[in-house]
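**Q** Below are the structure tokens for one structure; questions will follow.
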Amino acid sequence: PSNEEIPVKVRCDFDVLLAAYVLSPSDGSYDISRLSNAYLGKILESDVDALAPLAYEMKKKLEESDMLGLYEDIEVPLALVLFEMERRGFALDIQSLKDFSVALDDAVHSLSQMIYESVGHEFNINSPKQLGVALFDELGLPTFKKTQGGYSTNAEVLEKLRPYHPIIDMILNYRQVAKLKSTYADGLLKVVDDDGRVRTKFRQTVAATGRLSSIEPNLQNIPVRTELGREMRRCFVAREGYTLVDADYSQIELRLLAAISGDENMCEAFRREIDIHTVTASQVFNVPEEEVTSELRKRAKAVNFGIVYGIGDFSLANDIGVSKKEAGEYIKNYKATYKGVADYLDKTIESAYADGYVVTMFGRRRYIPELASPKAMMKKFGERVAMNSPIQGSAADVIKIAMIGTRRALKAAGIDAKLILQVHDELNFNVPQCEVERVRDIVVSEMQNVVHLTVPLIADCGIGTNWLQAH
């Protein structure tokens, strides 16, 4: 049998690493000697000698902080799910990926020639110093930021320069295409295994919010915002005789915000199944819903997501291209429309100062030491973390429970469908072609019934032979 099919018996009496992560998710490092010092007050000569007393102390701490259920019902069973996903991997269409790499190479060359023609000569586009000379000395573009090494040409500066010269769009496109080629197309070709699959490593104990991350390679970071980036997903395919079923939550963080805050206006919008960004645009910009333009909806979307991250008028103005005064009005109108959300965020910050941490729906804590800092900037950062962490952390918990639930349900149904990838609020399954409809029903049901809230959780499901088609 293949490596994937070899059965594995798992027995876990207590996982010290997972327990340490649940108890203190911002630590980042959980070696045994450090944990011994923290929980036992001494470093034992042998790591093995430390495990039993550590398990005893940590279990007590988990019970005291009401996180034993989080550890036992979510993190421990999830470890097995992730192990199985890592063994399976995701099949790649190698020839398509090679063709895509060649097409990207052609695009890089074409964009390079356009940039050289705009400046009047060839130079190293990847050199910030040479690019700075070309843009500011030779083309005479306005300078917004200078560094010790010369002119800054980072993304923020280039965005501000967009209106001044068409070369800026060429450079931004060049950078995007070059990154796609080196990091993703060529990068994936280097790490694909002999069986034509690429296998990532999921990190369960890194993100302080409870989110999973992925490395070597990072499959959670395959570009999706641009058309060219999305094309990369075409190279990820179902195994022979199988189909991909791709399910993702619709606006899960905003739905959780509505439910947790109890804001009646937001809850009602989700219950009526009306597009939340259109509703927000109508309320914030004082226009009827049917007259909301795509530009107004885009602005409302930035406000909806920005509020939970503690966005201010200056940042919002930059994001959506309006004056600071207008952005301030939008935020003020939003808080008047969704008063329940505004009150909830204020109370969350207040309790975070009092307790030193915030909590998700499932009891996951995130400690925020920045709130005790004497520096105003650090405190402000801590407040933004306090506002966002319960929502993002609850979403992370929901998807983890859904991963455990779908595995259990598919196994109980006797269906040979396997979870192969998680990208935050999206799950991807390899499914026998004859079982697609049954699997779709099971997956959607499991995802939508993870937790019962005052607003519905909605999972959208796509089907295809490759990831792009399924999504």
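The values are calculated or read from the model by the stated rules, or taken from the named source; none is laboratory data. Given the structure is predicted, the values throughout are model-derived calculations rather than measurements. Every residue, glycine among them, receives a Cβ derived from its backbone with ideal geometry; neighbour counts consider all protein chains shown. For the accessible areas, the whole protein counts, side chains as well, though only heavy atoms, and no ligand, DNA or RNA atoms are used. Shrake-Rupley method; radii C 1.70, N 1.55, O 1.52, S 1.80 Å.
**Q** Test Ala409 against the criterion of being touching a helix residue (DSSP H, G or I) at 6+ places or on another chain (Cβ under 6 Å) and buried (at least 23 other Cβ atoms within 10 Å of the Cβ), and give yes or no.
**A** So Ala409 does not fit the description; no.
**Q** Consider region 415-463. How many of its residues are part of a helix (DSSP H, G or I) and touching a strand residue (DSSP E or B) at 6+ places or on another chain (Cβ under 8 Å)?
**A** 8
**Q** Among the numbered criteria (1) under 18 Å from Glu295 (Cα atoms); (2) without any contact (Cβ under 8 Å) to a residue 12 or more places away in the chain, which one does Ala327 miss?
**A** Here Ala327 clears every test but (2).
**Q** Can you name every residue in region 28-51 that is assigned to a helix (DSSP H, G or I), open to solvent by less than 70 Å² (accessible area, probe 1.4 Å) and not hydroxyl-bearing (Ser, Thr, Tyr)?
**A** Result: Ile32, Leu35, Leu40, Ala50.
**Q** Take the residues in region 240-250 that are surrounded by fewer than 20 Cβ atoms within 10 Å (Cβ to Cβ) and not charged (D, E, K, R); name whichever of them is modelled with the lowest pLDDT.
**A** Among those residues, the one meeting the criterion is Gly241.
**Q** Right, something else. Answer with yes or no whether Leu97 is part of a helix (DSSP H, G or I), touching a Leu at 6+ places or on another chain (Cβ under 7 Å) and crowded, with 17+ Cβ neighbours inside 10 Å.
**A** For Leu97, the condition - part of a helix (DSSP H, G or I), touching a Leu at 6+ places or on another chain (Cβ under 7 Å) and crowded, with 17+ Cβ neighbours inside 10 Å - is met.
**Q** Considering each residue of region 103-117, count those that are touching a Leu at 6+ places or on another chain (Cβ under 8 Å) and open to solvent by 40 Å² or more (accessible area, probe 1.4 Å), and give that number.
**A** Selection size over region 103-117: 0.
**Q** Right, next: For region 271-288, what are the residues that are hydrophobic (A, V, I, L, M, F, W, C) and either open to solvent by less than 10 Å² (accessible area, probe 1.4 Å) or not in a loop (DSSP other than H, G, I, E, B) (or both)?
**A** Listed by number, the residues that qualify are Ile276, Val279, Ala281, Val284.
**Q** Based on what the data block shows, is Val303 touching a residue at least 60 places away in the same chain (Cβ under 8 Å), crowded, with 19+ Cβ neighbours inside 10 Å, in a helix (DSSP H, G or I) and in contact with a Ser or Thr (Cβ under 8 Å, 6 or more places away or on another chain)?
**A** no
**Q** List, please: which pairs have Cβ atoms under 8 Å, are six or more places apart or on different chains, and start with a residue in region 102-131 that is under 27 Å from Lys146 (Cα atoms) and of a type in the set (Asp, Glu) and end with one that is in a helix (DSSP H, G or I) and open to solvent by less than 80 Å² (accessible area, probe 1.4 Å)?
**A** Within 8 Å, the pairs are Glu122/Tyr116.
Quick grid of which residues meet (1) in a helix (DSSP H, G or I); (2) out of contact with any His (no Cβ under 7 Å at 6 or more places or on another chain); (3) open to solvent by 80 Å² or more (accessible area, probe 1.4 Å); (4) not basic (Lys, Arg):
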{"site": "Ile311", "(1), (2), (3), (4)": "no, yes, no, yes"}
{"site": "Ala327", "(1), (2), (3), (4)": "yes, yes, no, yes"}
{"site": "Gly340", "(1), (2), (3), (4)": "yes, yes, no, yes"}
{"site": "Thr348", "(1), (2), (3), (4)": "yes, yes, no, yes"}
{"site": "Met377", "(1), (2), (3), (4)": "yes, yes, yes, yes"}
{"site": "Lys380", "(1), (2), (3), (4)": "yes, yes, yes, no"}
{"site": "Pro390", "(1), (2), (3), (4)": "yes, yes, no, yes"}
{"site": "Ala396", "(1), (2), (3), (4)": "yes, yes, no, yes"}
